[in-house]
Amino acid sequence: MENLFKLDKLEKTYPNGVRALKGVSFDVNKGEFLVIIGLSGSGKSTMLRCLNRIHEPTGGDLQFKGKSVVSLKGRELRQYRSKIGMIFQHFNLVPRKSVLENVLTGTLSRTSIFKSVFNMYSDADRQKALELIEVVGLKGKEMHRADNLSGGQQQRVSIARALMQDPEVLLADEPVASLDPATSHSVMEYLRKIQQQYGITVICNLHFLSLVREYGTRVVALKGGEKMFEGSPSEIDEDWFKRIYGEQAVEVTIN
Amino acid sequence: MKKKSTAFKTLLIDFLLASYLVLCIDSFIFTRHTMENGIDWASFGVVLLIGLILGLILNRVSKLSIGKMFLKEYDTSKARGIGQKPYAILGLVILAVTFYVGVLVTELSFYEFFSQAGIQGATRIFTALLNPNFEVLDQGILAVIETIYMAFIATAFSLPFAFLLSFFAARNLMNGSGFGLTVYYVIRFFLNVSRSIEPLVWAIIFSVWVGIGPFAGMLALMIHSVSSLAKLYSEQIENISEGPLEAMTATGAHPIQVIWYGVVPQVILPFLSFTIYRWDINVRMATVIGLVGGGGIGTLLMQFQGLARWNEVGLLIIIIAAVVWLMDFLSSKIRESIK
Ligand SMILES: Nc1ncnc2c1ncn2[C@@H]1O[C@H](COP(=O)(O)OP(=O)(O)O)[C@@H](O)[C@H]1O
Ligand SMILES: [Mg+2]
């Protein structure tokens with residue numbers, strides 16, 4: 001198994017003193033669908049954002065394909081980020097812009113500042129954006145304003161935007177937490193397709209254990225900024241569930 | 001530690017208020033100081049001393065400390081009626097004294113307001129104003145056009161400066177590093193200073209610098225517009241949702257691209273709206289600035305007023321009112337349509 005990320009006692013203390021990650025270590029393998037679970041506030045979002053360095057780790061080491069990436073700066077850092085796509089709970093699309101323009105922002109790291117300011121994307125990039133919009137099932141909506149679409153459609157735009165980066169990894173921070181159950185499954189199916197057909201590694205924060213069991217190939221559980229479980233989804237039984245989510249928790253399913 | 005500093009703050013407030021009270025009573029009610037007397041610093045010291053003693057007493061005596069009231073040291077939830085809030089009575093006394101001193105200082109003279117000569121003067125000026133002289137209509141229209149363009153150019157020239165500055169004056173974009181924060185504070189400081197100087201004062205400064213005329217007026221408006229717009233713009237930037245910013249950063253975009261796609265689309269319409277509103281304000285301000293020689297209809301108004309040609313002044317006032325109303329109407333319509 002090829003190693004993609006190696007987290008070594010990764011720490012994150014926010015400027016306000018909150019210690020969100022207290023020395024987390026695990027490996028991410030190429031091609032897997034890794035799911036991160038844990039209560040809210042356990043550090044899942046912080047962990048994902050440390051992986052692409054939109055938050056700075058404050059201790060420990062992070063390696064990507066065998067090379068430490070914690071001290072990358074400027075252009076090198078941006079090149080590194082461009083290999084990692086990211087999707088968010090609230091989609092984070094650029095408001096007032098069309099679906100096509102939003103998808104094209106996935107090329108910013110390889111488009112010059114001047115060209116991107118004046119919307120001068122290359123023909124190849126435009127062609128590719130149109131194809132990806134079709135892949136996520138939004139053909140015909142290219143010129144619609146992205147912020148007027150439904151939640152599920154917006155999340156598909158953001159998936160297309162991430163694919164536009166030609167990423168090796170896709171980070172997904174609770175991608176279905178603001179969607180209804182049916183839409184949730186459709187978005188999760190797209191993520192699985194990306195993992196299986198395009199061979200892109202997916203690291204996904206999730207809330208619902210039923211989704212974890214259905215889509216995840218491996219699970220890491222965080223609690224209070226520490227890793228407390230690592231294994232396959234089927235290993236999470238009643239007992240582990242209570243240890244991860246607390247004695248009071250009851251499992252709910254999403255169909 | 002915190003307790004101590006609160007106690008000190010309440011005492012400071014009580015001391016300042018007591019000194020103010022003593023000063024008012026001493027200089028305006030007893031001795032009737034006027035400008036010519038100058039300030040007697042020795043007796044000012046005495047006033048402060050009495051203020052300190054009085055302040056200490058008020059601070060100690062139960063429920064008479066306004067300082068403690070301000071810093072929420074009193075439990076006011078149970079107090080009903082003014083009888084249980086002695087500090088409120090003290091507050092009213094200070095307000096009454098301030099009102100009285102205010103009347104003395106502004107020399108309100110109801111006698112002159114209603115005197116024979118006063119009424120006659122008022123009648124004369126109102127009759128003239130209500131009989132505007134339309135012979136100066138051409139002159140007035142040309143002057144008001146000058147004013148409108150002066151305001152437009154001031155707004156247009158200030159726009160790029162304000163636009164650039166606003167990003168450096170937005171805390172959420174600058175708090176990434178110590179250097180960024182320093183730049184933020186320096187820019188904020190200069191914006192606050194230049195904004196607190198009235199355009200009228202800038203106009204006086206520039207009329208000495210570049211000579212009296214529309215250019216001086218335009219520069220004065222521009223300085224003020226840059227600082228006002230930059231402040232409004234930057235507040236708008238501080239209120240954006242961080243999501244798109246984060247998403248753009250995650251794609252590996254350059255910071256300029258992050259701002260262009262993550263910030264600008266979120267603020268562009270409010271910016272436009274503020275700018276149009278600013279033009280509207282600038283037309284009004286340009287009129288006032290004209291009064292001190294900034295050109296346009298204000299200057300014309302000043303000339304006719306100097307010659308006591310009230311019929312002509314009357315016409316100019318009508319023109320100004322019409323233009324101000326029209327600008328106000330147009331700018332609110334435009335702003336509504338781009339919401
Ligand atoms: N930008 C931030 N500044 C300070 N504290 C933060 C910030 N983001 C998250 N935290 C804190 O870090 C901890 C972990 O948060 P987060 O990573 O969002 O957890 P999760 O995604 O698992 O809900 C929480 O205690 C949260 O309050
Ligand atoms: Mg989270």
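Tabulated values for the structure
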{"read-out": "Test: residue in the stretch B:260-273 that is under 28 Å from the mean Cα position of the chain (by Cα), crowded, with 21+ Cβ neighbours inside 10 Å and modelled with pLDDT under 90", "value": "no"}
{"read-out": "Count - residues of the stretch A:50-65 that are of a type in the set (S, T, N, Q) and within 14 Å of chain B (Cβ to nearest Cβ)", "value": "1"}
{"read-out": "Of the criteria (1) modelled with pLDDT of 90 or more; (2) over 18 Å from the mean Cα position of the chain (by Cα); (3) within 16 Å of ligand 1 (Cβ to nearest atom); (4) within 13 Å of another protein chain (Cβ to nearest Cβ), which one residue A:11 fails", "value": "(4)"}
{"read-out": "Residues being away from ligand 2 (no atom under 16 Å from the Cβ) and either assigned to a helix (DSSP H, G or I) or out of contact with any strand residue (DSSP E or B) (no Cβ under 7 Å at 6 or more places or on another chain) (or both) - total across the stretch A:223-248", "value": "13"}
{"read-out": "Near pairs, Cβ below 7 angstrom, 6+ apart or cross-chain, from the stretch B:283-303 (in contact (Cβ under 8 Å) with a residue 60 or more places away in the chain) to any residue that is of a type in the set (Asp, Glu)", "value": "B:295/B:146; B:296/B:146"}
{"read-out": "Only one of A:70, A:94 that is in a loop (DSSP other than H, G, I, E, B), in contact with a helix residue (DSSP H, G or I) (Cβ under 8 Å, 6 or more places away or on another chain) and more than 16 Å from ligand 1 (Cβ to nearest atom)", "value": "A:94"}
{"read-out": "Which listed residue is away from chain B (no Cβ under 14 Å), within 23 Å of residue A:184 (Cα to Cα) and not in a loop (DSSP other than H, G, I, E, B), from A:103, A:28, A:24, A:35", "value": "A:35"}
{"read-out": "Unique match (being free of Cβ contacts under 8 Å to residues at least 12 places away in the same chain and within 14 Å of chain B (Cβ to nearest Cβ)) among A:113, A:159", "value": "A:113"}
{"read-out": "Residues satisfying the stated conditions in the stretch A:42-58, i.e. over 13 Å from residue A:206 (Cα atoms) and open to solvent by 20 Å² or more (accessible area, probe 1.4 Å)", "value": "A:49, A:54, A:55, A:56, A:57, A:58"}
{"read-out": "Unmet requirement for residue A:61, which otherwise passes all of (1) open to solvent by 20 Å² or more (accessible area, probe 1.4 Å); (2) within 14 Å of the chain's Cα centre (by Cα)", "value": "(2)"}
{"read-out": "Condition broken by residue A:91, with the remaining ones in (1) out of contact with any strand residue (DSSP E or B) (no Cβ under 9 Å at 6 or more places or on another chain); (2) without any contact (Cβ under 8 Å) to a residue 60 or more places away in the chain; (3) crowded, with 19+ Cβ neighbours inside 10 Å; (4) within 30 Å of residue A:241 (Cβ to Cβ) satisfied", "value": "(2)"}
{"read-out": "Helices (runs of 4 or more DSSP H) wholly inside the stretch A:148-221 that include at least 2 residues being open to solvent by 10 Å² or more (accessible area, probe 1.4 Å) and closer than 29 Å to residue A:63 by Cβ", "value": "A:181-197"}
{"read-out": "Pair list, Cβ < 7 Å and 6+ apart or interchain, from the stretch A:32-54 residues that are farther than 23 Å from residue A:246 by Cβ and more than 9 Å from ligand 2 (Cβ to nearest atom) to residues that are small (Gly, Ala, Ser) and open to solvent by less than 10 Å² (accessible area, probe 1.4 Å)", "value": "A:52/B:250; A:54/B:250"}
{"read-out": "Odd one out for residue A:187 among (1) at the interface with chain B (Cβ under 8 Å from one of its Cβ atoms); (2) under 16 Å from the mean Cα position of the chain (by Cα)", "value": "(1)"}
{"read-out": "Of the criteria (1) within 16 Å of ligand 1 (Cβ to nearest atom); (2) surrounded by 15 or more Cβ atoms within 10 Å (Cβ to Cβ); (3) within 14 Å of another protein chain (Cβ to nearest Cβ), which one residue A:83 fails", "value": "(1)"}
{"read-out": "Extreme residue, surrounded by the fewest Cβ atoms within 10 Å (Cβ to Cβ), among residues of the stretch A:27-41 that are near ligand 1 (Cβ under 8 Å from one of its atoms) and on the phi > 0 side of the Ramachandran plot", "value": "A:41"}
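The values are calculated or read from the model by the stated rules, or taken from the named source; none is laboratory data. Nothing here was measured: the structure is a model prediction, and the numbers come from that model. Positions of Cβ are backbone-derived with ideal geometry, glycine not excepted, and every protein chain shown enters the neighbour counts. Protein only, heavy atoms only, side chains kept; ligands, DNA and RNA dropped before computing areas. Shrake-Rupley method; radii C 1.70, N 1.55, O 1.52, S 1.80 Å.
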